[in-house]
Amino acid sequence: MGQCYTVRGAELLVPAAAFAALGATAGAAGGSVPISVGAAGGSVPIPSLDSSAAPLADPEDSFVLPSRDRVARQAADSGAPEGWDWLPMRSVIRTVPEVIWAPAAKAMAFANWRVATRFCGVCGSPTRDKSDELARQCTACGQLFFPRISPAILAVVRKDGKLLLAKNARSTTGFWSLIAGFVEPGETFEECVKREVMEEVGIEVEVDGYLGSQPWPFPDQLMLGFAARWKSGELKPDGDEIAEAGWFGPTNHPPIPGPGSLSRRLIDAALGEMGG
Ligand SMILES: [Zn+2]
């Protein structure tokens, strides 16, 4: 707590100099890092943009993060403050080490949650920050709303020394990645892996185990990686979520996501194990 981040949807306000330097220092692991949002001993005092925002309906509410609309309108009018720039959080993730961007991503997840819980989902009345715990409470019916986390799996599926990669039908990046999907109520992680792989590419898999996790604030996912093995069936992309799918080795794979994400880390590890 104490560190202030100003976010606008999926963008973070950063010093303009750092924004310019990001491109120049991309991938310089271990070198100097142009922004250090939230890092111990090197925090950047990010200015608040909401000082001129319209007053909230409830003056006792301590909610200070502006809504997406309000920030967007402000940005359209005046842009970022002098010397600052909006940078997509995904660019920050791709460019600087996780220890640097993780606190900002956490702040963004809280901001997303607060924007999404300004009104009670039960009765529609405004909510307010609860003073003694991290929650929003309805001012009329008392319903509590805690920060939401949406667990989602990533499936590292292998067959005959090859890795399953798939191209999302709606993706504009051209990247191929792991099969992914949200865990449904009443489902274990293992069941989710089996269901998502079956639904999206039509094959049956055995789940071998857990590989790691990463919070992902777009808007509130917790990504969980699992190793799996092909059991039966031929790849048959569903055509809805997945346009194409195939088995790949370290030397013949299509474009994969940029660094920073758990999916990239898992893909690198799986391809690395296959030798090359
Ligand atoms: Zn209510």
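The values are calculated or read from the model by the stated rules, or taken from the named source; none is laboratory data. Everything quoted here is computed from the prediction, not taken from an experiment. Cβ atoms come from the backbone with ideal geometry, glycine included; neighbour counts cover every protein chain shown.
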Could you tell me which residue of the range 142-172 is modelled with the highest pLDDT, considering only residues that are β-branched (Val, Ile, Thr) and surrounded by fewer than 18 Cβ atoms within 10 Å (Cβ to Cβ)? 149
Among the residues of the range 128-147, which ones are more than 11 Å from the ligand (Cβ to nearest atom) and closer than 23 Å to residue 183 by Cβ? 134, 135, 146, 147
For residue 116, state whether it is touching a residue at least 24 places away in the same chain (Cβ under 8 Å) and away from the ligand (no atom under 16 Å from the Cβ). no
Report whether or not residue 219 is of a type outside the set (Ser, Thr, Tyr), under 24 Å from the mean Cα position of the chain (by Cα) and part of a loop (DSSP other than H, G, I, E, B). yes
Being more than 25 Å from the chain's Cα centre (by Cα) and either away from the ligand (no atom under 16 Å from the Cβ) or not basic (Lys, Arg) (or both) is true for just one of 125, 150. Which residue is that? 125
Suppose we filter the range 206-220 for residues that are farther than 15 Å from residue 266 by Cβ and at pLDDT below 95; how many remain? 5
Can you find, within the range 173-192, the residue that is surrounded by the fewest Cβ atoms within 10 Å (Cβ to Cβ) among those that are of a type in the set (D, E, K, R) and touching a Lys or Arg at 6+ places or on another chain (Cβ under 9 Å)? 184
From the residues in the range 221-242 that are at pLDDT below 95 and surrounded by fewer than 16 Cβ atoms within 10 Å (Cβ to Cβ), which one is nearest to residue 157 (Cα to Cα)? 238
